[in-house]
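Below: one structure, written as structure tokens.
The values are calculated or read from the model by the stated rules, or taken from the named source; none is laboratory data. Please read these numbers as outputs of a predicted model, since none were measured by experiment. All Cβ positions, even for glycine, are placed from backbone atoms using ideal geometry, and neighbour counts span all protein chains on display.
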Amino acid sequence: MDGRGSPEARASEEIRSRGVPASPGLAEGPAHVVVHEEGPFEERTVAARAVRVEIRRFRVAVRRARDEISALKECLIVDPEDPGTEILDAHLMLLEDPEVLGAITKAIEGDKLAAESAVRRVFRGLSHQLESTGIDYLQSRAIDLRDVKRRILRHLGVESEPHKMPSHPVILIARDLPPSETASFDRERVLAFVTEHGGPTSHVAILARSRGIPAVVGMGDLATYVKEGDRVLVDGTSGEIVVRPGAEEARRFHARRIEREKRIRATDSVAGKPAMTLDGREVVLLANIETPEDASFALDAGADGVGLYRTEFFFIREPRLPDEEAQTRVYRQAVRRMRGRPVTIRTMDLGGDKLASYLGTSREDNPFLGMRGIRFSLAHPDIFRAQIRAIYRASAIGKVRIMLPMVSCVDELRAARRLIGECANELRAEGVPIADSIPLGVMIEIPAAVAIADLLAREADFFSIGSNDLIQYSLAVDRGNEKIAHLYNPFHPAVLRLLRETVLAAREAGIPVSSCGEMSGNPLGALVLLGLGCNQLSVSPYQLQIVKRLVRSVRLAGIESLVLAALASPTSSEVVALLESGLRAAGVDLESFL
């Protein structure tokens, strides 16, 4: 069953549903449904003489909430670099935010609201603003707000105590999970996380990955028809959930777990070995990261460096625009954790689906074609300068590269290089230690950039192919639109030709070219990129060993010939069919790498 039908039928039958894969792995166990409901409330007002009492109540509750979080940090038996600690730090910052606290105090003083009513009004308003964006980063911020609000209300005597976990291991199912509670869960009792909301960058996803716990998010209304104790199968790699599985489904799942364990053992067998093809061609495997914690995972997975550090995640999750000092601390953490391996820091790709209005710019009717990436940075030089200075300061302790997103013309590259040069000269004049020079590269993710790739290659130090946006823009397909999602195809002949032109331009200019989009982590996509001459792949830390095993199982000469033949195919289906048949003939089983 696919999850459709009446609630009564769904309450007793096997249900198969799919969400967003957030942390890989397979898990099976009883469901434990966590409900954090917040129904309508009536605002309570107080007499003018009671305003000072309510303000005092509010301040005491905030102080107790801060003390509680500080104590929780001390009690967590985790690695000090665990993301749970950062989440609690973010909550402390919210509890010290003068704008938030001031708005609540103003509501008490101006509207004569009781403390709990003022807290609910202000936090609900802030949460609604973020939730209505539909953007994962901002929705994660809304969950933070609700979490902090519940904590304050509890100390005002109007909210229940924190959720208590069962004593046995469970599949945790919820609409969303308060980040501070999630951080404190005993990892031995959580087999998997399943939430109705959230994306791969939500707090639950980050915490699950850091702990090696399977997770699926964005499941819709699953929690409304999963009962406490229901048997649940979770596939964190595909994002598939099966509730109340039948005997045959359970048997297949167990077989998959056994097969996955074999693949893990096979993958573990290449740990510490070079990513070298059977005919002796070495491939550089890099990692895509979003936080300094991810850098640790990348290093453990054997990454040769970081090919893409998405810095906008840090910008969005902070309650205020992070200044140069804050950015310097975070970039240094990532560089330090990579222990001498290069870290490619992409300047903020704010705008489009990441909502540049978070930083005070106006909303756009078509943000994907609007003020984002390098356009945003050049239009806000003060913000851009702070980031560049922070990156340069981090370069004093390790190898750093700067990468510019959404470049469409040489003018943008030149303007950015001038500004970057000014920042470097300022820091040297101030006596701040920085690297002698930092390579400056561009992401190739707009068709216009491919058309002038030869011109960009003359002035850039390296290229990185952003396949996600390149496919989206070249095929005019919004990859988030379910009505046309089937048209988003990395093996479209036009996409292959764009990739080939990019690689050839980089090769002729003598600069390195890598790929950091999702295509790099797809087994067939990775082989296509290698066959086109892109010998640097940047993937999720969790895909590194799988891609390495794939590289070590093929002969690059054969892959090059196969991709050359595929370039002549007129349709994407023929491209895929030719590639798959050729790989089977070469003894490569793609299924074993999924």
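Key figures
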item	result
Those strands (runs of 3 or more DSSP E) lying entirely in the range 1-106 with at least 2 residues at pLDDT below 85 and on the phi < 0 side of the Ramachandran plot	20-23
Any hit, the range 579-593, residues being crowded, with 18+ Cβ neighbours inside 10 Å, under 33 Å from the mean Cα position of the chain (by Cα) and in a loop (DSSP other than H, G, I, E, B)	yes
Answer from ARG428, ARG418, ARG458, ARG507 - the residue that is of a type in the set (Lys, Arg) and closer than 26 Å to SER569 by Cβ	ARG507
Residues (aliphatic (A, V, I, L, M) and surrounded by fewer than 20 Cβ atoms within 10 Å (Cβ to Cβ)) located in the range 547-570	ALA557, LEU564, ALA565, LEU567, ALA568
First in the range 556-570 and outside any helix (DSSP H, G or I), second anywhere and surrounded by 16 or more Cβ atoms within 10 Å (Cβ to Cβ) and not aliphatic (A, V, I, L, M), Cβ under 7 Å, 6 or more apart	LEU567/ARG500; SER569/PRO493; PRO570/PRO493
Residue in the range 504-524 that is surrounded by the fewest Cβ atoms within 10 Å (Cβ to Cβ), counting only those that are under 19 Å from ASP469 (Cβ atoms) and modelled with pLDDT of 95 or more	ALA505
Residue count, the range 437-463 (criterion: over 22 Å from SER474 (Cα atoms) and touching a helix residue (DSSP H, G or I) at 6+ places or on another chain (Cβ under 7 Å))	5
Test: residue in the range 418-438 that is touching a Ser or Thr at 6+ places or on another chain (Cβ under 7 Å) and surrounded by 21 or more Cβ atoms within 10 Å (Cβ to Cβ)	no
Odd one out for ARG121 among (1) surrounded by fewer than 23 Cβ atoms within 10 Å (Cβ to Cβ); (2) within 30 Å of VAL232 (Cβ to Cβ); (3) at pLDDT 75 or above	(2)
So VAL194, is it at pLDDT 80 or above, crowded, with 24+ Cβ neighbours inside 10 Å and not in a loop (DSSP other than H, G, I, E, B)	yes
Restricting the range 220-234 to residues that are on the phi < 0 side of the Ramachandran plot and surrounded by fewer than 23 Cβ atoms within 10 Å (Cβ to Cβ), the residue that is modelled with the lowest pLDDT	ALA223
Residues located in the range 507-533, provided they are in a loop (DSSP other than H, G, I, E, B) and either free of Cβ contacts under 8 Å to residues at least 40 places away in the same chain or in contact with a Pro (Cβ under 6 Å, 6 or more places away or on another chain) (or both)	GLY510, ASN522, GLY533
Qualifying positions in the range 215-237 - under 16 Å from the mean Cα position of the chain (by Cα) and outside any strand (DSSP E or B)	GLY218, GLY236, THR237
All positions within the range 374-401 that are under 16 Å from ASP461 (Cα atoms) and buried (at least 22 other Cβ atoms within 10 Å of the Cβ)	VAL400, ARG401
Residue within the range 534-545 that is in a loop (DSSP other than H, G, I, E, B) and modelled with pLDDT of 95 or more present	yes
So SER573, is it assigned to a helix (DSSP H, G or I) and loosely packed, with under 13 Cβ neighbours inside 10 Å	yes
Number of the exception - LEU544 against (1) crowded, with 21+ Cβ neighbours inside 10 Å; (2) out of contact with any strand residue (DSSP E or B) (no Cβ under 7 Å at 6 or more places or on another chain)	(2)
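Each row is one residue, and each column tells you yes or no for (1) closer than 30 Å to VAL284 by Cα; (2) among the basic types (Lys, Arg).
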site	(1), (2)
ARG385	no, yes
LYS399	yes, yes
VAL407	yes, no
LEU419	no, no
LEU427	no, no
GLU445	yes, no
LEU456	yes, no
PHE463	yes, no
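Residues checked against (1) surrounded by 20 or more Cβ atoms within 10 Å (Cβ to Cβ); (2) at pLDDT below 85:
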| residue | (1), (2) |
| --- | --- |
| SER269 | no, yes |
| THR277 | yes, no |
| LEU285 | yes, no |
| GLY305 | yes, no |
| ARG329 | no, no |
